[in-house]
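Visitor: Handing you this structure, nothing more for now.
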Amino acid sequence: MNIFRTLHRSILMLFAVVVVSIVTLVHISVSNIVAEQSRAQQQSHSPAVKLIVEQLMQPLHISQTLAKARELKELMNHPQGKEDEIFAMLARLNKEFDLNFFIASEISRIQYNSTGRRIELNEEKVNWYFRYKEQPEKAMADIGQWQNPQFYIDLKIYNENDEFLGVFGVGKSLNGFTEIFSEYKKAYGYDFIFVDQNKDITLTSDPELLVQGITFKNLTDLPWFQALNETQQASSLNNLLLDVDGKESLIAELNIQPFDWTLYLITPLESRQTEISRGFIISVVTLLAIIFGLFLLIYNLLYYFKKDMQKIKQIDILTELSNRSNMTLKFEELMYEQQSVSLVLIDLDNFKPINDTHGRKAGDIVLRQIAQMLQSEVRESDFLGRWGGEEFILLMPNTGPHEAVEICQGLCHKLAAMTITTGSTSIQMTASFGVSFTAIQRPMSEVISAADDALFVAKREGRNLVKMQLIKSD
């Protein structure tokens, strides 16, 4: 049902996008802007949207996805003695995404960079870390202005106990931004100014406004902004006509919401072109906003659709079998369809010594090979999954308990006769089987409990056995 709800939402959202697009096209078509001039000017601004999407949104999406990785949280939770693993992971990410990555660890008080550089976290060297640490925001976009300007996305990382582990960051060079803006300023006369929430100028096509050293210039320092009254300064500057460097210019304002930045397009106007240019700037900014909004809409639509799909089909990474969540959903579906089902818990005997003696890698190989063998032996109508650790679960729809026991005895014998090779070591394994059954709708916990009791009996009586426990009638 979730997938249909998602598709329903998707259709409504796409319908809204189509309506907005049609309204925008009508607005542009009925405007009094000269067609050729309008087309050329729109083409001149389209790279701004492309740069916003590719240069700003890409690092945001990548960092948000990687910040959820178990490997990252484990390394940040226990960084001691794992610097080589941290640097290896960062270097791998750098090679894969062509971005700069770093981890600022609260535990080790070290910043690890994908370049291999190691920086001690103290307020003199890395003052941004301590400033950001005290802020309530869990994500921040910033510009690091050195010889090679970098756009950074910084995300706070917490462990399962909501303890602060440090900051995971992604950086991307923005030299291309300023170069392209400079070219467009020469070709069309437009000035581009990006400012953050503090009105600090982060990016601009004007070389005189670029950051000096580590000090940002502020929008309030510009003469044309100082010439505005207090009301104008505190409100939107969109469509404002004013004097910039002795030239009459029109200001267009576009909010970049994910970063709380604002883009100002400053267009010098000749007096006879004022009205045409005003209409053009309004249309272009509207189009930019629609395109940018469309991108965000599609991104979020795909994200939520993928999220719903993952709820429906979830796979255990190690064994490539269905995981606990998916098997729980499958049992509920069988109950909803009023099918009888035999439920089997399969627990590998003496598995812990495998990890202790041969290592966790060997244990993983054992689990994978046994999972492959079981999957190849069960019937097409059955559902096999990993329940957790060294325990598997088997759902056998429309199968009585005695038939299920016979099938499981066959699996038990084949598993015991199986030789598992882990490099130079051969391992023999056995497993204990606990079988339960329900012919009516019951909570899965009740059926699992009966199977677990049967499994306990199999373990107690020597392992490598199949035992059955039926649920007592009320």
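Visitor: On the basis of being under 39 Å from the mean Cα position of the chain (by Cα) and either surrounded by fewer than 21 Cβ atoms within 10 Å (Cβ to Cβ) or of a type in the set (Lys, Arg) (or both), does Glu391 make the cut?
Guide: Spelling it out, Glu391 is indeed under 39 Å from the mean Cα position of the chain (by Cα) and either surrounded by fewer than 21 Cβ atoms within 10 Å (Cβ to Cβ) or of a type in the set (Lys, Arg) (or both).
Visitor: While we're here: Could you count how many residues in the range 443-459 are buried (at least 16 other Cβ atoms within 10 Å of the Cβ) and within 17 Å of Glu332 (Cβ to Cβ)?
Guide: Adding up the residues that qualify gives 4.
Visitor: Against the definition (of a type in the set (A, V, I, L, M, F, W, C), closer than 27 Å to Ile354 by Cα and at pLDDT 95 or above), how does Phe433 come out, yes or no?
Guide: yes
One line per residue, one yes/no per condition, for (1) modelled with pLDDT of 85 or more; (2) touching a helix residue (DSSP H, G or I) at 6+ places or on another chain (Cβ under 8 Å); (3) within 24 Å of Gln150 (Cα to Cα); (4) among the aromatic types (Phe, Trp, Tyr):
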| residue | (1), (2), (3), (4) |
| --- | --- |
| Phe194 | no, no, yes, yes |
| Ser205 | no, yes, yes, no |
| Ile214 | no, no, yes, no |
| Lys217 | no, yes, yes, no |
| Ala227 | yes, no, no, no |
| Leu237 | no, no, no, no |
| Asp243 | no, yes, no, no |
| Glu248 | no, yes, no, no |
| Leu254 | no, yes, yes, no |
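Visitor: Sticking with this one: For Val378, only one of the following conditions fails: (1) surrounded by 14 or more Cβ atoms within 10 Å (Cβ to Cβ); (2) more than 25 Å from Leu334 (Cα to Cα). What is its number?
Guide: Status for Val378: all satisfied but (2).
Visitor: Given the range 57-173, what strands (runs of 3 or more DSSP E) lie entirely inside it while holding 1 or more residues that are outside the structural domain of Lys217 (by TED's automatic domain parsing) and either among the acidic types (Asp, Glu) or surrounded by fewer than 19 Cβ atoms within 10 Å (Cβ to Cβ) (or both)?
Guide: 110-113, 118-120, 139-144, 150-158, 164-173
Visitor: If the Cβ limit is 8 Å and pairs must be 6+ apart or interchain, which residue in the range 96-109 that is farther than 13 Å from Leu75 by Cβ pairs with which residue that is part of a loop (DSSP other than H, G, I, E, B) and of a type outside the set (A, V, I, L, M)?
Guide: The qualifying pairs are Asn100/Ser114; Asn100/Thr115; Arg109/Asn122.
Visitor: Tyr152: closer than 21 Å to Asp200 by Cβ and either charged (D, E, K, R) or under 22 Å from the mean Cα position of the chain (by Cα) (or both), yes or no?
Guide: yes
Visitor: Another question, then. How many residues are free of Cβ contacts under 8 Å to residues at least 40 places away in the same chain, surrounded by 14 or more Cβ atoms within 10 Å (Cβ to Cβ) and not polar (S, T, N, Q) if we restrict to the range 460-474?
Guide: 2
Visitor: Please find, within the range 175-192, the residue that is modelled with the highest pLDDT out of those that are under 27 Å from Phe97 (Cα atoms) and buried (at least 21 other Cβ atoms within 10 Å of the Cβ).
Guide: Phe181
The values are calculated or read from the model by the stated rules, or taken from the named source; none is laboratory data. From a predicted model like this one, the values you see are computed outputs, not experimental measurements. Quick reminder, even Gly has a Cβ in these numbers, built from the backbone with ideal geometry, and neighbours come from all protein chains shown.
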